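The structure appears below as structure tokens.
The values are calculated or read from the model by the stated rules, or taken from the named source; none is laboratory data. A quick note: this is a predicted structure, and the numbers were derived from the prediction, not measured. Reconstructed Cβ throughout: ideal geometry from the backbone, glycine too, with neighbour counts over all protein chains shown. Side chains are part of the model used for accessible areas, which takes the heavy atoms of the whole protein and leaves out ligands, DNA and RNA. Shrake-Rupley method; radii C 1.70, N 1.55, O 1.52, S 1.80 Å.
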Amino acid sequence: MDQKIFSPSLSQHIEAILYLKAQPTTLQEIVTLTNHSTEEVQEALIQLMSDYAYRNSALEIIETEQGYSLQLQSEYLSLLSNLVPAELNTATLKTLAAIALQSPILQSDLINLRGSTAYQHVSELVESGFIRKRRQEEGRSYWLEITDKFHKYFEFNQAQTEEE
């Protein structure tokens, strides 16, 4: 029996990019990251924006002068103070999520994914003990991986990731 390999649609790919970047992303950058034409990306963005509006989501995709951004609608911003750990801002948490999903991940790959502001996030996360850095044996980058503190803080069971 053939197993289908999941291939995300262009809209889903763009959604993931906007989520992980956590900052406005230009049309050209999305085109480069998706390896699709400008017209295809524009069409997928319109579809994605429409999908969010149609499903009445707490999230929205907006276009600003700096680019496109996936964000929490303003009426839900008050939830941030109750749900987000005080010592980590939302962008740093998204960087931590990207590291946790790929742990270990090369810092250079993380920067390609999240942008240069991730360097500051990495420093904060190392200092707070949620991740550790170790130099690559061959190459100039660092391996980033989550720590036991991450597992304890977020009540995340390591066995869950090993089973999946």
Exactly one condition in (1) within 26 Å of residue 41 (Cβ to Cβ); (2) at pLDDT 85 or above; (3) surrounded by 13 or more Cβ atoms within 10 Å (Cβ to Cβ) is not met by residue 73; state its number.
(2)
Out of all the residues in segment 11-48, which are in contact (Cβ under 8 Å) with a residue 40 or more places away in the chain and within 12 Å of residue 114 (Cβ to Cβ)?
18, 19, 20, 21, 22, 23, 25
Qualifying residues in segment 43-70 (those that are polar (S, T, N, Q) and open to solvent by 80 Å² or more (accessible area, probe 1.4 Å)) - the one modelled with the lowest pLDDT:
56
Being surrounded by fewer than 13 Cβ atoms within 10 Å (Cβ to Cβ) and at pLDDT 90 or above, is that true of even one residue in segment 103-113?
yes
Selected residue (criterion: modelled with the lowest pLDDT) from residues of segment 1-42 that are open to solvent by 50 Å² or more (accessible area, probe 1.4 Å) and small (Gly, Ala, Ser)
7
